């Protein structure tokens with residue numbers, strides 16, 4: 001135990017690597033590990049979507065088509081149930097985000113750094129949620145409704161309303177990022193700790209159970225929560241009055 | 001030289017972002033990547049599948065309409081055939097009744113004809129019997145009279161006048177006529 005504590009100082013968790021960096025017109029462009037892994041994920045998704053979506057027949061016979069239809073109808077149903085029929089144009093974003101998020105998180109299983117454990121990546125999606133929310137508010141309420149929304153029910157609520165608008169995407173961003181990061185940190189810790197015991201033999205089998213929760217379950221649930229919250233925030237931004 | 005490069009590579013690999021940091025580059029690239037994934041999802045999977053689902057719904061609706069139409073047509077045809085069947089049954093009944101009526105009529109005619117024929121035959125037969133009877137009587141009458149004359153001549157052994165002869169014959173004949 002004392003040995004373990006002594007060596008525990010060796011365990012460090014670092015942020016994503018700066019994989020590529022170059023200068024582009026005075027702007028230092030740094031491509032982080034997260035982006036590189038995202039490219040891998042994109043490649044996989046592109047191939048999977050392409051294979052699923054081609055050669056579809058009206059009379060479905062292949063399992064491939066069944067899977068494609070199940071996936072699309074699942075996202076369509078999810079958007080319809082949470083946001084309503086008039087928001088079905090958000091299906092593409094929600095579906096793509098869901099797949100992107102899950103697969104990014106699952107990249108941790110391959111030993112790569114999951115892009116979803118990078119705050120910047122989730123922050124980008126949080127920004128999208130924020131923009132979509134404000135846009136929907138503007139679209140449904142117009143300029144008047146948009147600004148009126150901030151001083152409701154009473155004008156002195158203005159600061160709280162502004163904080164609320166920002167807090168929603170920030171909270172969902174932090175939730176997703178922190179869950180995946182914590183999962184990978186705990187996984188790393190367990191591997192490190194078990195590696196110290198019995199010459200590392202203990203690290204066979206035991207981490208699999210933890211991985212089942214922290215990688216598989218958490219990946220799915222966080223993607224689902226993030227998508228559901230995005231849909232909820234966007235559809236709730238609708239100005240009902242006016 | 002190579003060592004320098006390796007060291008440089010190692011150094012760049014050592015460069016990490018901090019664990020909780022916001023990097024504008026990453027955000028921008030993530031936004032671009034997300035947009036690309038959305039487009040890929042939309043054009044590779046969502047659009048084709050939705051198209052095929054719509055097409056299927058359309059086909060199903062069309063098939064259902066067609067089935068409805070076919071059913072109605074079948075019902076119409078069935079009704080027509082039932083009507084025709086009823087009509088032909090009626091026709092058949094009518095024909096049979098007609099034939100029966102005609103046959104009965106014919107039967108009656110035949111019976112009437114046969115009856116009249118029989119009556120005629122009977123009448124003719126009776127007539128001929130009567131004629132034969134008369135002829136036979138007349139023949140018998142002649143023979144008897146001869147026999148009587150002969151017998152009388154033998155009995156009397158005398159000449160009888162023609163007048164007496166006739167008287168006797170007449171009385172005998174009357175007697176025979178009464179007996180017969």
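Where a number appears in this text, it was derived from the coordinates with a stated rule and is not lab data. Just so you know, these numbers come straight off a predicted model, no measurement behind them. Heads up, the Cβs are rebuilt from the backbone with ideal geometry, glycines too, and the neighbour counts pull from every protein chain shown.
Summary of values
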item: Relative packing of peptides A:121-129, A:42-50 - highest average C-beta neighbours within 10 Å first; result: A:121-129, A:42-50
item: Gain in span if fully extended, residue B:166 to residue B:95, counting 0.36 nm per residue against the direct Cα distance; result: 17.7 nm
item: Residue with peak Gaussian network fluctuation, chain B [Cα springs, cutoff 10 Å], from B:30, B:59, B:119; result: B:30
item: Candidates B:104, B:83, B:163, ranked by Gaussian network fluctuation over chain B, Cα under 10 Å, top entry; result: B:163
item: Test item: A:183-193 mean partner chain Cβ contacts at 10 Å; result: 0
item: Peptide A:91-97 - average C-beta neighbours from other chains (10 Å radius); result: 6
item: Sites residue A:14 and residue B:68 - FRET efficiency at Förster radius 56 Å, r taken between beta-carbons, to 0.05; result: 0.25
item: Ranked B:131, A:113, A:54, criterion: other C-beta atoms within 10 Å, fewest first; result: B:131, A:54, A:113
item: GNM result for chain B, Cα springs below 10 Å: residue of B:18, B:116, B:145 fluctuating most strongly; result: B:18
item: 10 Å Cβ neighbours from other chains, averaged over peptide A:27-34; result: 4
item: Rounded to 10°, Cα long-axis angle of helix A:91-106 versus longest principal axis of chain A; result: 10 degrees
item: Contour minus Cα-Cα distance for residue A:216 and residue A:74 (0.36 nm per residue); result: 49.2 nm
item: Calculated [θ] (222 nm, deg cm²/dmol) that DSSP helices of n ≥ 4 give over the protein assembly as shown, each run adding -39,500 (n - 2.57); result: -27000 deg cm²/dmol
item: Degrees separating the helix B:24-40 axis from the principal Cα axis of chain B, which is the longest one; result: 10 degrees
item: Angle between chain B longest axis and helix B:162-179 axis [Cα atoms, degrees, rounded to 10]; result: 40 degrees
item: Sorted by Cβ density within 10 Å, fewest first, the residues A:76, A:28; result: A:28, A:76
item: Ordering of A:161-168, A:223-230 by burial proxy (mean other Cβ atoms within 10 Å per residue, highest first); result: A:223-230, A:161-168
item: Estimated FRET transfer efficiency when R0 is 30 angstrom, pair residue B:54-residue A:46 (beta carbons, to 0.05); result: 0.80
